[in-house]
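Data block below; observations after.
The values are calculated or read from the model by the stated rules, or taken from the named source; none is laboratory data. What you are looking at is a predicted structure, and each value in this text was computed from that prediction instead of being measured. Heads up, the Cβs are rebuilt from the backbone with ideal geometry, glycines too, and the neighbour counts pull from every protein chain shown. The protein model used for the area step is the full one, side chains on, heavy atoms only, and it has no ligands, DNA or RNA in it. Shrake-Rupley method; radii C 1.70, N 1.55, O 1.52, S 1.80 Å.
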Amino acid sequence: MSKITAAITAVNGYVPDYILTNQELETIVDTNDEWIQTRTGIKERRILKGEGLGSSDMAVPAVQGLCKKRGIDPMEIELLICATATPDHVFPATANIICDKIGAKNAFAFDLLAACSGFLYALVTGSKYIESGQYKKVVIVGADKMSSITDYSDRSTCILFGDGSGAVLLEPSTEGYGIKDSILRSDGSGRVHLQQKAGGSVKPSSHKTVDAKEHFVYQDGQPVFKFAVVRMADVSTEIMEKNSLTADDVAWLVPHQANKRIIDATGRRMGIGPEKVMMNIDKYGNTTNATIPLCLWEWEKKLHKGDNLILAAFGGGFTWGSIWVKWAYDTK
Ligand code: ACO
């Protein structure tokens, strides 16, 4: 019997309607469009407005659209993994809530937390259930309402983040399409540079932590930047070398969208020109677990069966990794 690989057979995305521009941010904090664009490449980002809405409210339309595109009923989903750093609640898992809202009653579901690398971690985890032959329909959804943990009085972080969701369907392939190889890494000593200080068991939320704004993202930008540039480029070149892939063999680099300068540096190290690098950070900012599937969604029509894609991410933890994907379909 031929080896089973986990092919991505559909992709979908969802972003909220509200557009928070650099110009609007100029009215909120002491910043300017030129600084933001030069340092990050971001022009605008989407924000989920409305009381009582969370990450699941963006994941639901993303997954429903995914099922519709592939012509499957949510009841056919056997496993759904939600990669998120901003779950609806600490518990239950947002994945459970998504399954309830879409009627995926046959799925077992869980959340996976690896900050901005979460989507890659979840993709690899989900692929193992396909490769083992246990499941035939696995959904990986990345969803983050970063605006819920962003301090809009901190100019060094509030310019970076946006809200959104993206999802892919994994199904078995016996022709070698899908997840071909992966390298995932983590280094918890990096936690001091990028974290949400309060709200967990070490420092439960209290009046004191809220007053100190410790329920928001804390980031020490420069060390994170330095680690991200080196690690994302290292791991992306490593996966190419490991699989004897040259820059010519790679159709697309699909990088996590944290900073245009990090993306450019990664492409350069891989010898891949900007024309083969997916980049939509200008429109969406850093949507954490949604950046990579949102890129796949936007570029879907340009992807061809057999294309080699390198997915790469770096995030809080620290966590980082890269995945080699052989694209499984042409879009009509
Ligand atoms: N507007 C204007 N000036 C600003 C702003 C702003 N929005 N923010 C900071 N500045 C100022 C600073 O105060 C500083 O001024 P000073 O020199 O007078 O002190 C100056 O600009 C430079 O600040 P830096 O922090 O050194 O700016 P840097 O070039 O490092 O850019 C940035 C900051 C964009 C955050 C960058 O460090 C970065 O992208 N870091 C990595 C982000 C990342 O990859 N995160 C991982 C994924 S996220 C996740 O996992 C949740």
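Values computed for the structure shown
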{"item": "Test result for I159, closer than 20 Å to Y121 by Cβ and open to solvent by less than 50 Å² (accessible area, probe 1.4 Å)", "result": "no"}
{"item": "Residue within the range 89-111 that is among the β-branched types (V, I, T), within 16 Å of the ligand (Cβ to nearest atom) and in a loop (DSSP other than H, G, I, E, B) present", "result": "no"}
{"item": "Positions within the range 81-118 being of a type in the set (A, V, I, L, M, F, W, C), open to solvent by less than 10 Å² (accessible area, probe 1.4 Å) and under 19 Å from L48 (Cβ atoms), in sequence order", "result": "C82, A83, A95, I98"}
{"item": "In the range 13-42, the residues that are open to solvent by 20 Å² or more (accessible area, probe 1.4 Å) and in contact with a Cys (Cβ under 9 Å, 6 or more places away or on another chain)", "result": "I28, T31"}
{"item": "Hits in the range 202-214 - residues which are in contact (Cβ under 8 Å) with a residue 12 or more places away in the chain, surrounded by fewer than 17 Cβ atoms within 10 Å (Cβ to Cβ) and in a loop (DSSP other than H, G, I, E, B)", "result": "A212, K213"}
{"item": "Selection from the range 221-233 of residues that are touching a residue at least 12 places away in the same chain (Cβ under 8 Å) and open to solvent by 60 Å² or more (accessible area, probe 1.4 Å)", "result": "F227, R231"}
{"item": "Qualifying residue in the range 294-306 (condition: in contact with a Phe, Trp or Tyr (Cβ under 8 Å, 6 or more places away or on another chain) and within 23 Å of T150 (Cα to Cα))", "result": "yes"}
{"item": "Failed criterion for T150 (all others in (1) among the hydroxyl-bearing types (S, T, Y); (2) more than 13 Å from the ligand (Cβ to nearest atom); (3) touching a Phe, Trp or Tyr at 6+ places or on another chain (Cβ under 7 Å) hold)", "result": "(2)"}
{"item": "Residues (closer than 24 Å to V235 by Cβ and either of a type in the set (F, W, Y) or outside the structural domain of G126 (by TED's automatic domain parsing) (or both)) located in the range 149-175", "result": "F161"}
{"item": "Condition check for G199: on the phi > 0 side of the Ramachandran plot, open to solvent by less than 60 Å² (accessible area, probe 1.4 Å) and within 16 Å of the ligand (Cβ to nearest atom)", "result": "yes"}
{"item": "K276 being touching a residue at least 40 places away in the same chain (Cβ under 8 Å) and among the charged types (D, E, K, R)", "result": "no"}
{"item": "All strands (runs of 3 or more DSSP E) inside the range 1-87 with 2 or more residues being of a type in the set (S, T, N, Q) and more than 16 Å from the ligand (Cβ to nearest atom)", "result": "5-14"}
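Quick grid of which residues meet (1) in contact with a strand residue (DSSP E or B) (Cβ under 7 Å, 6 or more places away or on another chain); (2) farther than 19 Å from D151 by Cβ:
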| residue | (1), (2) |
| --- | --- |
| V210 | no, no |
| Y218 | yes, no |
| P255 | yes, yes |
| R269 | no, yes |
| I281 | no, yes |
| N286 | yes, no |
